[in-house]
1. For a quick check of your reading: which helices (runs of 4 or more DSSP H) sit entirely within the stretch 183-281 and have at least 1 residues that are surrounded by fewer than 16 Cβ atoms within 10 Å (Cβ to Cβ) and of a type in the set (A, V, I, L, M)?
2. Within the stretch 119-139, which residues are farther than 22 Å from SER69 by Cα, outside any helix (DSSP H, G or I) and open to solvent by 60 Å² or more (accessible area, probe 1.4 Å)?
3. Out of all the residues in the stretch 97-132, which are over 23 Å from ASP167 (Cα atoms) and free of Cβ contacts under 8 Å to residues at least 40 places away in the same chain?
4. Looking only at the stretch 202-227, how many residues end up being touching a residue at least 24 places away in the same chain (Cβ under 8 Å) and of a type outside the set (S, T, N, Q)?
5. In the stretch 234-281, which residues are modelled with pLDDT under 85 and within 14 Å of the chain's Cα centre (by Cα)?
6. So which residues in the stretch 125-174 are of a type in the set (Asp, Glu) and either in contact with a Lys or Arg (Cβ under 7 Å, 6 or more places away or on another chain) or under 14 Å from THR112 (Cβ atoms) (or both)?
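The values are calculated or read from the model by the stated rules, or taken from the named source; none is laboratory data. Everything quoted here is computed from the prediction, not taken from an experiment. Note that we place each Cβ from the backbone using ideal geometry, even for glycine, and neighbour counts take in every protein chain shown. Ligands, DNA and RNA are stripped out before the accessible areas are found, and what is left, the full protein with its side chains, is counted by its heavy atoms. Shrake-Rupley method; radii C 1.70, N 1.55, O 1.52, S 1.80 Å.
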Amino acid sequence: MPKTVSRAANPGTSGTCASPAGTDAPASVATDTCASTPPAPCPVATSGSTVRSWGAAPSASPRPPRIRSRIAAGGFYPAPHRYQLYLSAGCPRSLRLAITLRLLGLQDSLATTILTHPTETPDAFTSLRSAYEATWHHYEGPLTAPALCDRWSGRVVSNHTPDILRDLAGLLTGHDEACVPPLHPPALAADIDALRERLDRDVTPTAQPTARSATLDLLDLQLATRTYVLGEELTAADVDLWAALTHLSTPEPLSRHSHLRAYVRRLDEHPAFRLEFHGNT
C-alpha cells in the first residue's frame, strides 16, 4: 500500500449512492470501499435519519477514482481547523468516522459536513464537487463520501476510509511517533485490520447468510469472555463492529447471539455512539 498517492491510476470498485432520477442533483455520491468484497451500496439518507434507519439499496454509477494522499505527506500536515470531512448520512463508513471523531475528541477541531440529499444540502454537494475538480483535472465522475478535504488548498486529501481513520489519530497526536495512537494500538493493528476486512465481507445486509452466520457465531463466542471485541479496552475494532451490526437491515441475524446483543446495548449507552446526522456540525 503506497503511503502517498495523489491520484489513482485506475478507479477502484465502489458501491454507489446515486441521486434520485429526475432531480437537478449537482452530483451523485458514492461510498468508499474498504475491502476487496465491499458491503452493499449505501443510499443518500433523508435529513434527520438516525443510524437505526440506515439501510442499503443497490444502484449503478461510474466508478469513482481513489484518492489516497495522507496527512503529514504530500504537503499536508496536522493543523487545527485545516481539514473538512464530508460524510454521507446513509453510509456505514461515514458512521465509523463520525463515532471516531467523538471518541478522539476532534469534533471541535475538524469541520464535518453531512451529505443527505442534493436538494437538502446543495451547498455541501457543490463544495465537494469543487474539491474533486481542484484535485482531478477535468473531473466529471461521481463524488465519494467519506472524503477528507484540505480547506487551505481546496483539494481532496483522501476518499479512502482506512487512511482517513488512521489520519484522524494523527491529527490528535500531531504524528508524534512516541504517542500511542488512540483506538489503534500497534499490538492490535493487524487484528483490527483483519476484523475490518471480515466485517466488510461477511457482516453486511447482502452477505452470504452462511458466511454472516459463521462470523456472528465467532464474534458472539469471543464476547462471552470479553468486554470489547479484542479485549478489555475499546478500540477501532469496536467502532467497526458496532457500525456493521447496526447497519444490518433487520435484528433477526442477532436473535440467537445473546453476547452480541448485550454488546450492542452496552455501546449504545456510550455518548460517542449516540449520534444523528443533521447537516453541518
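1. Values: elements: 189-202, 209-222, 236-247, 258-268.
Fully inside the stretch 183-281 and qualifying: 189-202, 209-222, 258-268.
2. THR119, GLU120
3. Step one: filter the stretch 97-132 for residues over 23 Å from ASP167 (Cα atoms), giving 116-123, 125-126.
If the condition is that a residue be over 23 Å from ASP167 (Cα atoms) and free of Cβ contacts under 8 Å to residues at least 40 places away in the same chain, then ASP123 is the only one that fits.
4. Total satisfying the criteria: 11.
5. PHE277, the sole residue that qualifies.
6. At the first step, the residues of the stretch 125-174 found to be of a type in the set (Asp, Glu) are 133, 140, 150, 163, 167.
Those that are of a type in the set (Asp, Glu) and either in contact with a Lys or Arg (Cβ under 7 Å, 6 or more places away or on another chain) or under 14 Å from THR112 (Cβ atoms) (or both): ASP150, ASP163, ASP167.
A quick yes/no check of all residues on (1) in a helix (DSSP H, G or I); (2) surrounded by fewer than 22 Cβ atoms within 10 Å (Cβ to Cβ); (3) at pLDDT below 90:
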residue: PRO58; (1), (2), (3): no, yes, yes
residue: PRO62; (1), (2), (3): no, yes, yes
residue: ALA73; (1), (2), (3): no, yes, yes
residue: PRO80; (1), (2), (3): no, yes, yes
residue: GLY90; (1), (2), (3): no, no, yes
residue: ARG102; (1), (2), (3): yes, yes, no
residue: ASP108; (1), (2), (3): no, yes, yes
residue: ILE114; (1), (2), (3): no, no, no
residue: HIS117; (1), (2), (3): no, yes, yes
